[in-house]
Amino acid sequence: MPTFSSDVITAVLTHMNGDHPDDCLLIARAFGNPAATHAVMTSLDEAGSQWSYTLGSYTLGAAQAALDVQWSHPISERAEIRQEIVVLYDRACELLGIPPREH
C-alpha cells in the first residue's frame, strides 16, 4: 500500500509543476543533467521523488529523460514532503553553485 494517497500526490505535483517550475528545473539540472531545458515532477513516494526532464528544444527534437532523486531519509507524513523538497532544492543550489532563496 502506498504511503501517500493519490490525492496527496496529485496536490503536490500540481503545486510543484504549477507554482515552482524553476525549482523543478533546478533540481533536474543538479541531479540529472545540467543541460536540462524543462522539468516536471512526475511522482513521489516514501523513498524519494520522480521527475521528467527535457534536453534540447522541442522544435529541434528534444529528448526526454527520467530522474529518481532519493529523500534525505524515508518519509511517511505529508508535512515531510515539503521539508524534503526544500532539502532537494538546497542541495541542488549547492551542487550548481547558486545561492538559495530564503524559505
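No lab work stands behind these numbers, since they all come straight from the coordinates. Because the structure is a prediction, the values reported are computed rather than measured. All Cβ positions, even for glycine, are placed from backbone atoms using ideal geometry, and neighbour counts span all protein chains on display.
With the requirement that a residue be among the hydrophobic types (A, V, I, L, M, F, W, C) and surrounded by fewer than 14 Cβ atoms within 10 Å (Cβ to Cβ), what does the stretch 1-46 give you? Listed by number, the residues that qualify are 1, 35.
The rows are residues; the columns are (1) hydrophobic (A, V, I, L, M, F, W, C); (2) closer than 16 Å to residue 21 by Cα; (3) touching a residue at least 12 places away in the same chain (Cβ under 8 Å); (4) touching a helix residue (DSSP H, G or I) at 6+ places or on another chain (Cβ under 7 Å).
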site: 51; (1), (2), (3), (4): yes, yes, yes, yes
site: 57; (1), (2), (3), (4): no, no, yes, no
site: 70; (1), (2), (3), (4): no, no, yes, no
site: 79; (1), (2), (3), (4): yes, no, no, no
site: 83; (1), (2), (3), (4): no, no, no, no
site: 88; (1), (2), (3), (4): yes, yes, yes, yes
site: 92; (1), (2), (3), (4): yes, yes, yes, yes
site: 95; (1), (2), (3), (4): yes, no, yes, yes
site: 102; (1), (2), (3), (4): no, no, no, no
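For the stretch 69-85, does any single residue satisfy the condition of being outside any helix (DSSP H, G or I), under 13 Å from the mean Cα position of the chain (by Cα) and either charged (D, E, K, R) or within 16 Å of residue 28 (Cβ to Cβ) (or both)? The answer is yes, given that some residue of the stretch 69-85 is outside any helix (DSSP H, G or I), under 13 Å from the mean Cα position of the chain (by Cα) and either charged (D, E, K, R) or within 16 Å of residue 28 (Cβ to Cβ) (or both). Of all residues in the stretch 51-61, exactly one satisfies the criterion of being closer than 24 Å to residue 14 by Cβ and surrounded by fewer than 14 Cβ atoms within 10 Å (Cβ to Cβ), namely 58. The lone criterion from (1) part of a helix (DSSP H, G or I); (2) crowded, with 17+ Cβ neighbours inside 10 Å; (3) more than 11 Å from the chain's Cα centre (by Cα) left unmet by residue 94 is number (2). Looking only at the stretch 1-41, residues that are over 19 Å from residue 80 (Cβ atoms) and either among the polar types (S, T, N, Q) or not in a helix (DSSP H, G or I) (or both) come to 10 in all.
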